[in-house]
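The values are calculated or read from the model by the stated rules, or taken from the named source; none is laboratory data. The structure displayed is predicted, hence computed values, not measured ones. Reconstructed Cβ throughout: ideal geometry from the backbone, glycine too, with neighbour counts over all protein chains shown.
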Amino acid sequence: MSDAFAALMAPRSVALVGASDDVSRIGGRPLRYLREAGFAGRVLPVNPRRESVQGLPAFPSIAALPETPDTAILALPAAATLQTVEECAARGVRSAVIFSAGFAETGLEGEYLQSRIIATAREAGMRLLGPNCLGVFNPGLGYYGTFSVILDTALITPGPVGIVSQSGAYGAHIAHLARQRGLGISQWITTGNEADIDVAEALDWVVRQPETRVVMAYAEGVRDRDLFLNALENARDLGKPIVFMKTGRSSVGAAAAASHTAALAGSDAVFDAVLRQYGVHRAATTAEQIDVAYACAAGRFPAGNRIGIFTMSGGFGIQLADDAEAAGLDVSPMPEDAQAELLDMLPFASPRNPVDATAQAVSDLNLLQRCVQLMMSRGEYDLFTAILGTGPASRTYADPLRKALMEALGEAGNSIRALTMSAPLRWCAATRPTGFWCSRMARHSPTRWAR
């Protein structure tokens, strides 16, 4: 990957062209976010009508900057973009982000303007992101080259999830949903019209970053087939799952993609086959994309597909067993001698698998703990899940239940442990450092849980 691409994602200095004193404007938001995040690099506002912007000295042009920045953020109308790219190229700026729309997605005139911009950048060896994009951010560095409103309430916590999206709005949406699920972001890149950097190159960059464990990607079409396949192969070799949302399956959707980011949707069947070949999970819905990424974010994966199900409700357990089998999981029964031990503890239990300890386990947490320990020690399950209903929502029951489960699974090794239930957020947060991840979703499909 080129140094210029690295300058885009991890700059030591950044010029904001079109910088605004109004933090609610497109030219004001990136500057506000960079300052709030404590970005360690130098920030150089460019605005010929102001001597300072948001408390920082402003400069009239790229040529007037006291140093050559690694990257430039262009918060300008489309008509002013070409001249600014020419100024960046003359100054030796290595990369730039173009926010504005009005290029290839609008027709022939826009295509011509976009082609002139990219020709200027290529001649100078400068990399461009966009146009018609929402930018980038790299939370670990406090770098926010974006005007996304999801940062208004809070910045993004660094974490294991990378996001690459042709659509800026969709990329921002899944970043927000990931944050709601307690997931931090490693890198976030929106590619827009992809005049230069496309989703394949961005994807390859993100999967190569050591802090990334899983990537959520969105695309309406892929321009560079070979680069895309290389990115998927690298992700597979590095053991980093990709959870992909590919739109444009219908003729209407394909036409909408062309007018949105000027993408060519291509054959959906071929795209689907390629994803399967490289082990990429294609999400059918945004909720599924978030859930699967959440499940993969710990970087731990089961050695096999044997799942042990614990419940205190026969109805819940049966639903979960149906969904597990439909998802290709092996709901293997407990060994007969282990089933006998369970019946010795609780004669009216259902000991096979799902293991139903009945409502007796609600009032006797020692019994719950012994049942779970026996499942894990004798069942040889690669995955353990408990479906607990609304019980954990009780203030008096939640903490003792969590303690019992933590102790029961303390020696469960590297198995995947998951819960589905109604529970307070503090409960879920408390379980995660001990290796338990929980889903507060209403549906019980195994693909909706995390480790």
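Quick check on region 340-366: of everything there that is more than 19 Å from THR385 (Cβ to Cβ) and in a helix (DSSP H, G or I), which residue is modelled with the lowest pLDDT?
SER363
Taking into account only those residues within region 374-409 that are acidic (Asp, Glu) and in contact (Cβ under 8 Å) with a residue 40 or more places away in the chain, which is surrounded by the most Cβ atoms within 10 Å (Cβ to Cβ)?
So, considering only residues that are acidic (Asp, Glu) and in contact (Cβ under 8 Å) with a residue 40 or more places away in the chain, the one surrounded by the most Cβ atoms within 10 Å (Cβ to Cβ) is ASP382.
For region 169-183, what are the residues that are in contact (Cβ under 8 Å) with a residue 60 or more places away in the chain and under 14 Å from MET245 (Cβ atoms)?
Hits for region 169-183 are TYR170, HIS173, ILE174, LEU177, ALA178.
Filtering region 154-168 down to residues that are over 27 Å from LEU232 (Cβ atoms) and of a type outside the set (S, T, N, Q), which residue is surrounded by the most Cβ atoms within 10 Å (Cβ to Cβ)?
Filtering first and then ranking leaves LEU155.
Which condition breaks for THR106 when tested against (1) assigned by TED's automatic domain parsing to the domain that holds GLN83; (2) under 22 Å from ALA200 (Cα atoms); (3) β-branched (Val, Ile, Thr)?
The one condition THR106 does not meet is (2).
Considering GLU233, GLU211, which residue is within 15 Å of ASN138 (Cα to Cα) and surrounded by fewer than 20 Cβ atoms within 10 Å (Cβ to Cβ)?
Exactly one of GLU233, GLU211 is within 15 Å of ASN138 (Cα to Cα) and surrounded by fewer than 20 Cβ atoms within 10 Å (Cβ to Cβ), namely GLU211.
To keep it simple, each residue is scored yes or no on (1) modelled with pLDDT under 95; (2) among the hydroxyl-bearing types (Ser, Thr, Tyr); (3) not assigned by TED's automatic domain parsing to the domain that holds ALA75.
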residue: SER148; (1), (2), (3): no, yes, yes
residue: HIS173; (1), (2), (3): no, no, yes
residue: ARG181; (1), (2), (3): yes, no, yes
residue: ALA202; (1), (2), (3): no, no, yes
residue: VAL206; (1), (2), (3): no, no, yes
residue: GLU211; (1), (2), (3): no, no, yes
residue: VAL222; (1), (2), (3): yes, no, yes
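Scan region 103-125 for residues that are buried (at least 18 other Cβ atoms within 10 Å of the Cβ), modelled with pLDDT under 95 and of a type outside the set (A, V, I, L, M, F, W, C) and report the count.
3
I'd like to verify a number: residues in region 126-153 that are within 17 Å of the chain's Cα centre (by Cα), surrounded by fewer than 24 Cβ atoms within 10 Å (Cβ to Cβ) and over 22 Å from GLN289 (Cβ atoms), how many?
1
Does region 4-22 contain at least one residue that is of a type in the set (Ser, Thr, Tyr) and part of a strand (DSSP E or B)?
Within region 4-22, one or more residues are of a type in the set (Ser, Thr, Tyr) and part of a strand (DSSP E or B).
Scan region 306-324 residue by residue and report those that are part of a strand (DSSP E or B) and surrounded by fewer than 21 Cβ atoms within 10 Å (Cβ to Cβ).
Matches in region 306-324: ARG306 only.
Return yes when THR71 is among the polar types (S, T, N, Q) and within 30 Å of the chain's Cα centre (by Cα) and no when it is not.
When the stated conditions are applied, THR71 passes them.
Being among the hydroxyl-bearing types (Ser, Thr, Tyr), surrounded by fewer than 16 Cβ atoms within 10 Å (Cβ to Cβ) and modelled with pLDDT of 95 or more is the filter here; which residues of region 1-44 pass it?
SER24
Return the residue satisfying two criteria in turn: it lies in region 38-69 and is among the aliphatic types (A, V, I, L, M) and assigned to a loop (DSSP other than H, G, I, E, B), and of such residues it is farthest from ALA80 (Cα to Cα).
ALA40
Can you name every one of the strands (runs of 3 or more DSSP E) wholly within region 380-451 that holds 2 or more residues which are of a type in the set (Gly, Ala, Ser) and either at pLDDT 80 or above or within 21 Å of ILE318 (Cβ to Cβ) (or both)?
383-389
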